[in-house]
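*Asks:* Sharing a structure with you now.
The values are calculated or read from the model by the stated rules, or taken from the named source; none is laboratory data. Because the structure is a prediction, the values reported are computed rather than measured. Because the Cβ atoms are built from the backbone with ideal geometry, glycine has one as well, and the counts that use them run over all protein chains shown. With ligands, DNA and RNA removed, areas are computed over all heavy atoms of the protein, side chains included. Shrake-Rupley method; radii C 1.70, N 1.55, O 1.52, S 1.80 Å.
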Amino acid sequence: MPVVSPDLESRISAEAIATQRLGTRDYDQALAIQRKIHLDVTKELARNTLLIVEHPSVYTAGRRTLDSEKPTDGTPVIDVDRGGKITWHGIGQLVGYPIVKLANPRELVGFVREIEAALIEVCNHFGIESKRIVGRSGVWVEDSRGARKIAAVGIRVASGVSMHGFAINVNPDLAAFTKIVPCGINDADVTSMAKELGRAITINEVQPVVEEILCQHLAKVSA
């Protein structure tokens, strides 16, 4: 009987996760697509799916967001049912929504850590050294200039199937983060791949790498 290597098994499993590129979509439109696919995956009418999208500028607030962390200038904020606090989405930021049936739906922390591990691998691929920071979700760059968040993660699991997801800053206008306390963290900065590399980098460069690496990691935790 032939033996399949762990790497090949991972690639084979990853192929079972469908990837849908939504292009640029308003947040509400993408959320409606998420909910439809989530229902279908729950009913076993659709495959586990990773949605990839860019959003026009929008602030979204998770369940733990305090009013003091929201914009004070009347900027609209969409309240959502994911974990975490307030964040911003916009052009130049790559957003991914993994809608997968989890092998262990009670192990939400482990699922979040797997997504973080994938995003760290993406950063490493482009020559950016990144890490987790204990007590803080997401992916960080940390050196003599301090800690800077390069990717955020906010997940919800319902009926054993995940939704919402992650956002990695490729080349967005980071000024949008100055209106909020991003992810409830007021003692650290937000950064981007372009800023860390000191050069231009595009969504088109990063997107296929994100898709490949995320699907491999999601295959490890999906049923």
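*Asks:* Name the long-range amide H neighbours of V190: under 5 Å, sequence gap of 5 or more, or other chain; modelled H, no Pro or chain starts.
*Replies:* Amide H neighbours of V190: K149.
*Asks:* If amide H atoms are built 1.01 Å from N in the plane of the peptide, which residues on other chains or at least 5 residues away come under 5 Å of the amide H of L51?
*Replies:* Here the answer is Q20, Y97, I99, since their amide H atoms fall under 5 Å of that of L51.
*Asks:* When the helices in the chain are scored as -39500 (n - 2.57) per DSSP H run of 4 or longer and the sum is shared across all residues, what 222 nm value do you end up with, to the nearest 500 deg cm²/dmol?
*Replies:* Calculated from helices alone, the mean residue ellipticity at 222 nm is -9500 deg cm²/dmol.
*Asks:* Among [x] 13.0; [y] 15.2; [z] 17.0, only one was calculated for this model; which label is it, if the read-out is mean projected area of the Cα convex hull in nm²?
*Replies:* Structure-derived value, by its label: [x].
*Asks:* Per residue, how large is the accessible surface of the chain? Use a 1.4 angstrom probe and give square angstrom.
*Replies:* Result: 49 Å² of accessible area for each residue.
*Asks:* What ³J(HN,Hα) values, in whole Hz, does the Karplus curve 6.51 cos²θ - 1.76 cosθ + 1.60 give for the stretch 99-109 when θ = phi - 60°, with x put for Gly and Pro?
*Replies:* Each residue of the stretch 99-109 in turn: 10, 9, 6, 8, 5, 9, x, 7, 9, 5, 4 Hz.
*Asks:* Ok, one more. Any idea what the dipole of the stretch 1-150 comes to, in debye rounded to 20, about its Cα centre with Lys/Arg Cβ at +1 and Asp/Glu Cβ at -1?
*Replies:* Here the stretch 1-150 has a charge dipole of around 240 debye.
*Asks:* Tell me, what HN-Hα J-couplings in whole Hz come from the Karplus equation 6.51 cos²θ - 1.76 cosθ + 1.60 at θ = phi - 60° for each residue of the stretch 69-83, using x for Gly and Pro?
*Replies:* So the Karplus estimates, Gly and Pro as x, are 8, 8, x, 9, 9, x, 4, x, 10, 9, 7, 10, 9, 8, x Hz.
*Asks:* Could you state the number of Å between the C-alpha centres of the stretch 21-40 and the stretch 46-93?
*Replies:* The two parts, judged by their Cα centres, are 14 Å apart.
*Asks:* Could you please put R35, R148, R156, R106 in sequence from largest to smallest accessible area, using a 1.4 Å probe?
*Replies:* The residues order as R106, R35, R156, R148, largest area first.
*Asks:* Something else now. Select from T72, T24, T49 the residue whose mean-square fluctuation is largest in a Gaussian network model of the chain (Cα-Cα springs shorter than 10 Å).
*Replies:* T72
*Asks:* If you roll a 1.4 angstrom probe over the protein chains with everything in place, what fraction of the accessible area of the chain belongs to carbon and sulfur, to the nearest %?
*Replies:* In the chain, the share of accessible area belonging to carbon and sulfur is 50 percent.
*Asks:* A further question follows. Go through 90-97, 200-207 and give me the packing order, highest mean Cβ count within 10 Å leading.
*Replies:* 90-97, 200-207
*Asks:* Please list the non-local residues whose amide H lies under 5 Å from the amide H of R82, H modeled 1.01 Å from N, same-chain partners needing a gap of 5 or more.
*Replies:* Residues meeting the criterion, in which the H sits 1.01 Å from N, are R63.
*Asks:* Oh, and also: Report the extension gain between L39 and T202 in nm, rounded to one decimal, defined as 0.36 nm multiplied by the number of residues separating them, less their alpha carbon distance.
*Replies:* This chain segment gains 55.4 nm when fully extended.
*Asks:* Report, for the chain, the % of DSSP beta bridges that are antiparallel, rounded to 5.
*Replies:* 75
*Asks:* Springs between alpha-carbon pairs under 10 angstrom, Gaussian network model over the chain: which of K101, K149, K179 fluctuates most?
*Replies:* Fluctuation is largest for K179.
*Asks:* Cross-link candidates for K70: which lysines have Cα within less than 16 Å, leaving aside residues fewer than 8 places away along the same chain?
*Replies:* Within the straight-line cut-off, K70 pairs with K85, K179.
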